[in-house]
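Written below as structure tokens is the structure these notes are about.
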Amino acid sequence: MSNSTTRTETKQRVVTRQDVEQGIAKGVFSLEEELVMRMQFGVTLTPQAPLAFRGEGNEELRVKLAMMERSILDDLEAAGDPKDLLSRI
């Protein structure tokens, strides 16, 4: 048995909302990291910013999601009153 020691050093860094906004502007975060940082620090998009949709890169998934959306919208239109739709849940 060997006697070895492992040393680790932990550093803490205070990150401000301004740091996050600058990081987002520079594109230093992955999409998932950016989403988490936006939620944690309350950084919003401009109203003109295009929204990303799940399934954009996968044609089969995009079609399935569109079909699900259409089905839900049809159910809402058929229900008329939102209370009617909630009664089916």
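Here, each number is a calculation from the coordinates, and none is a lab measurement. None of these values were measured; they are calculated from a predicted model. Because the Cβ atoms are built from the backbone with ideal geometry, glycine has one as well, and the counts that use them run over all protein chains shown.
This ranking places 4, 30 by how few other beta-carbon atoms lie within 10 Å of each, fewest first, which gives 4, 30. In a DSSP loop and with at most 12 other Cβ atoms within 10 Å, the GluC sites (Glu not before Pro) in the stretch 1-68 are 9, 56.
Couplings 3J(HN,Hα) for the stretch 17-32, derived from phi with the Karplus relation 6.51 cos²θ - 1.76 cosθ + 1.60 (θ = phi - 60°), are 4, 5, 4, 5, 4, 5, x, 5, 4, 7, x, 7, 9, 6, 4, 5 Hz, where x marks Gly and Pro.
Taking Cβ atoms as reference points and 15 Å as the exclusive limit, the residues near residue 18 contribute a net charge of +2, counting Lys and Arg as +1 and Asp and Glu as -1.
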